[in-house]
Amino acid sequence: MSKHKLQLAIYLSAILLSGSVFLPLATFPVYGDASYYRIAEIEAWLVIVFSMTAPGLMLYGKEKLAILSPLAVWGVLLYPTLRNTLESTNNSLLNQLGNGVSTTMSDFAANLFFNISDYHWGGFVFLFALLAFSACNIFYRLKA
């Protein structure tokens, strides 16, 4: 794939990833369809901002820094899982009470990649866009 086609693929996958955070990811009882935006609003905005920085950096001429964009997106998506893992090793009474209050949706966000079997079509679009965005950025960086 040429560098120009990879740039176009990065632009399109960044737009698709940014839009897919609003698509229905899964269905919860009583709550109904939930998008990543409804589950984790702040993280969704961070995914949008970080995914759009790659095309912005490429247009600005800072192509070497564009590889940081998919790393930041993956960091945002994996942060709840890492936080839950680190907090589960600390078994203080306060942490146990805090873990008991967590909701089903926050558990879903923390285990986002383990819940693929519960995805609706929007979840698969989100996952495809994430993988395409990451792969295109890596291939582009290898060609640079």
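The values are calculated or read from the model by the stated rules, or taken from the named source; none is laboratory data. Everything numeric here is computed off the predicted structure, so don't read it as measured data. Here the Cβ is made from the backbone with ideal geometry for all residues, glycine too, and neighbour counts use every protein chain on show.
Computed values, structure above
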quantity	calculated
The one condition in (1) in contact with a strand residue (DSSP E or B) (Cβ under 6 Å, 6 or more places away or on another chain); (2) buried (at least 16 other Cβ atoms within 10 Å of the Cβ); (3) not small (Gly, Ala, Ser) that TYR11 fails to fulfil	(1)
Residues within region 19-33 that are crowded, with 20+ Cβ neighbours inside 10 Å, among the small types (Gly, Ala, Ser) and either modelled with pLDDT of 95 or more or not in a helix (DSSP H, G or I) (or both), tallied	1
